[in-house]
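The next block holds one structure in the form of structure tokens; read it before the comments.
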Amino acid sequence: MAERILKNIRIGGLKNAVKGNDYRKEATISYCILIGGYILLQILTAAGLVGHNLQGQFVPICVYISLAVSLNLVVGISGELSLGHAGFMAVGAFSGILMSRILLQSMSFEPAILIISMLFGALMASVAGFIIGIPILGLRGDYLAIVTLAFGEIIRNFMNVLYFGFVDGKLRFAFNHTIEGIEDTDRIITGAIGATGTKTMASFTWGLLLCLFTVFIVLNLKNSKQGRAIMSIRDNRIAGESIGLDVRKYKLMAFVVSAALAGMAGCLFGLNYSTLVPVKFNFNTSVLVLVFVVLGGVGNIWGGIIAATLLTILPETFRQFADYRMLTYAIVLILVMIGTYNPAIKSRMNALFAKFKPKKKKDDGKVKKKKSGKEEA
Amino acid sequence: MIFLTNLISGLSLGSVYAIIALGYTMVYGISKMLNFAHGDVIMIGGYMSFIMTMYMGLNGWLALLVAMVICTILGITIERLAYRPLRGTGSLAVLITAIGVSYFLQNIALLIWGANPKMFTSLFNGMKPIHAMDGQLTITPESIFTILANIIIMILLTLFVSKTKAGKAMRAVSEDNGAAQLMGINVNQSISLTFAIGSGLAAVAGVLMLSAYPVLMPTTGAMPGIKAFTAAVFGGIGSIPGAMIGGLILGIIEIFSRAYISTELSDAIVFACLIIVLLVKPTGLLGKKISEKV
Amino acid sequence: MADKKDKREELMDIDISDPGHAYENRQEIYYNDNVGGRAVFVDSKEQYDPDEPYNDQVYIPEKDRDKAPILEVKGLGIDFGGLTAVDNFNLTLGRTEIGGLIGPNGAGKTTIFNMLTKVYEPTRGEIFFDGKSTKGMNTVDINKAGMARTFQNIRLFDKLTVEENIKVALHHTTNYGLIDGMLHTPKYRHEEFRIRKEAMKYLKIFGMTKTADYRAGSLPYGAQRRLEIMRALATKPKLLLLDEPAAGMNPSETTELMDTIREIRDRFQIGIFLIEHDMSLVMGICEGIVVLNYGRVIAKGWPEDIQSNPKVIEAYLGKSRGKMEEEEKKEDIEDALKKGKLESAPSGKPDRKEGE
């Protein structure tokens, strides 16, 4: 058959068309922010400009960044509202702590212990995500949100009745009651008191590595066939089915990968403190991470990174105004939401930005002309 | 006998959940938003009633009335200032704003009244518990009044929604916002009214709950709020009888699992029941089926 | 760098003469003007053996006679609650036939598409696709078996780019796993490049290479319709279902679309079954037409038969009017149907969604 391009086809104006996501740009910006921020904070610390309190927040900031990025996989890329992210963080934290204590009995090389613990935390969290995800991903919208909330609370509740410890060098486990004959130093997890006697191994550098890894995985996934499947189901479930995409499979995939990454972050969080209570992983933490995601722009990876950083640093910096700190936070949160989502304000902002737009378009035109010139040549 | 005692306290707790759940379910029905600040309105209602009785020397019932009025105004204000600008922008934005409002209320309470728990005086302080079956069964006046209040509120609300013009307007708006507007219904007014009723009921629920569990803190409303929300979803969010059934079942499950299984795990069991119900009936016990047109 | 340039050149210089997925027995097709034979839908009462070619009693285009039908539907029906939306729908569609499904609004046309693709589970009847019963299959299985569709109200992946929309449709032919996807292994790179080339091929065939990087949701209306067809084609179907492909298009766009549909059939050698209100399109390209009213088939046959069928005219006009007026209108519509100029049924003009 002869080569035939359909004749008479007019696409129509592309004036109103919007360019799609540029993955390379997104990745570059994200990595630059992470590495730049790390270097900046290291320099400021070396110069003695960073207070002790804030230094203590470095690892949590990294953890929150990677939580925000991983939650973005569910909220932004998969388009489902999850209110139980802290649950996976908890699973990762406690299983990671457990693994680190077991490894410490036979090993002393900390980086290896840390990595193995984090992988174990990720594994356990992904198992939890899988178990939770299978039944619930058939639910839609707000119902899914409430069930993830419920699961987050269930996980936290279970942590309250879990007991782990060594008796005579052997790992013992108990449910809903303390382990008999255990000495204080051999306790690993003690119900509502949480994990005690953890050897802290986390550092800012590990935090950075965690962030880079999380961003790497999420961005790569986004720009792969699996990511495209996940996003297309978000955009139009019925059309996704009509081209043969298994909706549940891909929703579950996003959920499990997100859970695994949250577990990894949770593990680093756990290994940052010598004691850790399960209450830390309540609904408020899930909400906090969700706020990072939404304020950073749903689906926007680097936006989430910036939001997580600022919203952890700022309240910490204003600790002297402790009383008004959270109040201001709440008011700012409401105002920002109204400012960014209210249709009237949004259109006014767009009109403001439009003033700068004509310049851009001219540039675009030039580039296109150059390109077409090349083609002709 | 212990069984009966538990059943009654379960019903009582469930009634509190049901009254709170009404606020969630009506608001969700009409504006399709998860109003996470609702639990904190309960807390504000509790503090108001507390102040009126402690510092103003008002009678408990009068204080309740004042608290209801204040919460009603609060509910309308929250809707007007925080939620209305975001109407129709998708559930996520409104959800986060609701969470912001929740933080705001909690921190305002923290600023004004401090973090120390206050001991709430029961509304039924003077009344004596009823003893039955040779003193084996004790029924507190709190239980009786809470259950009664729940039944009365449920009947009144059902009548209101089905018989009055304003109630019918509310139903029309929940069904189809745009069409209701075209029929000349004032949508803003209907939504405000819904928030007003929900918040007024939250004050009642707060006082009833604090009468039975008298610890009052800025975070008092959070957990009952989440559970009542669960109850609303359990019964089918958007449905008034669903909220009542969901609330009662949840209260009973909670008390029974506390009594017979584990205190620590009672919440987990409650939430697990919700999940099981949603797996079997994805829109709750009395919820309507949603289908998408292809 | 040099490597990258090579790749870019390779992308620009795609040979589109190869359709990508051809089926056996490819032949040049003569369409329209009844050159290649005529098509008609029949009530096939006894079960058809899919391996057997058609017998003489079944009228389908001559070019398809030596092959088993791609789609056979027998006694299909569905009830919603107590209401029967579609009843006793029968259809036989040849391998490379273009079939049309017409009828007034609410006749149940889209419902039939939804049953064919298992968006709805039929209450009664059987569907044989490519010789196999589709009983127990869901929408995903149906697509994997080789049936692709477009939607009445365009359903694109709005936030993805045009290129990505097609790549998603190539999902099942993209051969790498989740780990490759997360780590961007060499296998990933190789496969991504391959499907990118393939996606560009589709874009080139449809003259839309320029739009590759734009978000699907921001494209003009006509381009969105075309993209939806491309996406369906990229799943390599044997049968393409088009739900009102010309809705919201002006006459010249419709003419383009007719060319496009024929072109698709010739190039990919597939069967096409379409719902349309635009009579000029239906009469112009369909080889067989079935007319539906109130969920029941009221007429079947070649375009000429349908044009003069009194039942069809009645369905579109209604019969409550005075006799004189009716006669007049009948003549009018008959005229219009013959000329192929009645752009859409009086009751069935879909809303133009965007100002195209």
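The values are calculated or read from the model by the stated rules, or taken from the named source; none is laboratory data. Note that the structure is a prediction, hence the values are computed from the model and not measured. Note that we place each Cβ from the backbone using ideal geometry, even for glycine, and neighbour counts take in every protein chain shown.
General observations
- Any hit, segment A:133-156, residues being closer than 24 Å to B:Ser266 by Cα, more than 14 Å from chain B (Cβ to nearest Cβ) and either aromatic (Phe, Trp, Tyr) or in a helix (DSSP H, G or I) (or both): no
- Within the set B:Leu110, B:Leu123, the sole residue that is in contact with a Gly (Cβ under 9 Å, 6 or more places away or on another chain) and either farther than 19 Å from B:Gly39 by Cα or at pLDDT 85 or above (or both) turns out to be B:Leu123.
- Any hit, segment B:189-211, residues being outside any helix (DSSP H, G or I) and out of contact with any helix residue (DSSP H, G or I) (no Cβ under 7 Å at 6 or more places or on another chain): no
- Scanning segment A:273-313 for residues that are of a type in the set (Lys, Arg) and within 14 Å of chain B (Cβ to nearest Cβ) gives no hits.
- Close pairs from segment B:52-77: first closer than 16 Å to B:Met119 by Cα, partner modelled with pLDDT under 95 and of a type in the set (Lys, Arg), Cβ under 9 Å, at least 6 apart: B:Met54/B:Lys118
- Just one of the listed residues (C:Gly108, C:Gly146, C:Gly100) is modelled with pLDDT of 85 or more and within 30 Å of A:Tyr250 (Cβ to Cβ), and it is C:Gly146.
- Number of positions in segment A:331-340 that are within 20 Å of A:Gln57 (Cβ to Cβ) and within 8 Å of another protein chain (Cβ to nearest Cβ): 1
- Pair list, Cβ under 8 Å, 6 or more apart: segment C:145-160 residue surrounded by fewer than 20 Cβ atoms within 10 Å (Cβ to Cβ), other residue β-branched (Val, Ile, Thr) and assigned to a loop (DSSP other than H, G, I, E, B): C:Ala145/C:Thr134
- Selected residue (only one of B:Leu208, B:Leu250, B:Leu201 is in contact with a Lys or Arg (Cβ under 7 Å, 6 or more places away or on another chain) and touching a residue at least 40 places away in the same chain (Cβ under 8 Å)): B:Leu250
- Total residues in segment B:86-106, condition within 7 Å of chain A (Cβ to nearest Cβ) and touching a Ser or Thr at 6+ places or on another chain (Cβ under 9 Å): 2
- Residues in segment B:235-266 that are in a helix (DSSP H, G or I), more than 10 Å from every other protein chain (Cβ to nearest Cβ) and not hydrophobic (A, V, I, L, M, F, W, C): B:Gly235, B:Pro241, B:Gly242, B:Gly246, B:Gly247, B:Gly251, B:Glu254, B:Ser257, B:Arg258, B:Tyr260.
- Top-ranked residue of segment C:194-229 - restricted to ones that are hydrophobic (A, V, I, L, M, F, W, C) and outside any helix (DSSP H, G or I), ranked as farthest from C:Leu257 (Cα to Cα): C:Ala212
- Only one of the numbered conditions (1) touching a Cys at 6+ places or on another chain (Cβ under 9 Å); (2) more than 25 Å from B:Ala149 (Cα to Cα) is not met by B:Leu201, and that is (2).
- Filter pass, A:Ala90 being touching a Pro at 6+ places or on another chain (Cβ under 8 Å) and not aromatic (Phe, Trp, Tyr): yes
- Given (1) at the interface with chain C (Cβ under 9 Å from one of its Cβ atoms); (2) over 26 Å from C:Gln152 (Cβ atoms); (3) free of Cβ contacts under 8 Å to residues at least 60 places away in the same chain, number of the condition A:Asn223 does not satisfy: (3)
- Some residue of segment B:215-225 being in contact with a strand residue (DSSP E or B) (Cβ under 6 Å, 6 or more places away or on another chain), aliphatic (A, V, I, L, M), touching a residue at least 40 places away in the same chain (Cβ under 8 Å) and crowded, with 18+ Cβ neighbours inside 10 Å: yes
- Top-ranked residue in segment A:246-272 [being surrounded by fewer than 24 Cβ atoms within 10 Å (Cβ to Cβ) and outside any helix (DSSP H, G or I); ranked as farthest from the other protein chains (Cβ to nearest Cβ)]: A:Asn272
- Boolean, B:Pro141 is more than 14 Å from chain A (Cβ to nearest Cβ) and surrounded by 16 or more Cβ atoms within 10 Å (Cβ to Cβ): yes
- Scanning segment A:226-247 for residues that are closer than 21 Å to C:His184 by Cα and basic (Lys, Arg) gives a single hit, A:Arg228.
- Condition check for A:Ala192: assigned to a helix (DSSP H, G or I), within 12 Å of another protein chain (Cβ to nearest Cβ) and either surrounded by fewer than 22 Cβ atoms within 10 Å (Cβ to Cβ) or under 28 Å from the mean Cα position of the chain (by Cα) (or both): yes
- Comparison of B:Ile276, B:Ile269 shows that the only residue that is surrounded by fewer than 21 Cβ atoms within 10 Å (Cβ to Cβ), touching a helix residue (DSSP H, G or I) at 6+ places or on another chain (Cβ under 6 Å) and within 12 Å of chain A (Cβ to nearest Cβ) is B:Ile269.
- So C:Ala247, is it under 25 Å from C:Asn105 (Cβ atoms), in a loop (DSSP other than H, G, I, E, B) and either more than 10 Å from chain A (Cβ to nearest Cβ) or out of contact with any Leu (no Cβ under 7 Å at 6 or more places or on another chain) (or both): yes
- Matching strands (runs of 3 or more DSSP E) fully within segment C:73-166 where at least 3 residues are within 14 Å of chain A (Cβ to nearest Cβ) and within 30 Å of C:Arg215 (Cβ to Cβ): C:147-149
- Scan segment B:107-138 for residues that are of a type in the set (Val, Ile, Thr) and at the interface with chain A (Cβ under 9 Å from one of its Cβ atoms) and the total you get is 1.
- Subset of segment C:167-193 (residues that are in a helix (DSSP H, G or I) and hydrophobic (A, V, I, L, M, F, W, C)): C:Val168, C:Ala169, C:Leu178, C:Ile179, C:Met182, C:Leu183, C:Phe193
Okay, residues lined up against (1) of a type in the set (A, V, I, L, M, F, W, C); (2) closer than 24 Å to A:Asp235 by Cβ:
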| site | (1), (2) |
| --- | --- |
| C:Met115 | yes, no |
| C:Glu126 | no, no |
| C:Phe129 | yes, no |
| C:Lys132 | no, no |
| C:Val140 | yes, yes |
| C:Met147 | yes, yes |
| C:Asn153 | no, yes |
| C:Glu163 | no, yes |
| C:His172 | no, yes |
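- Residue count for segment C:133-144, restricted to those that are of a type in the set (S, T, N, Q), out of contact with any Gly (no Cβ under 6 Å at 6 or more places or on another chain) and crowded, with 22+ Cβ neighbours inside 10 Å: 2
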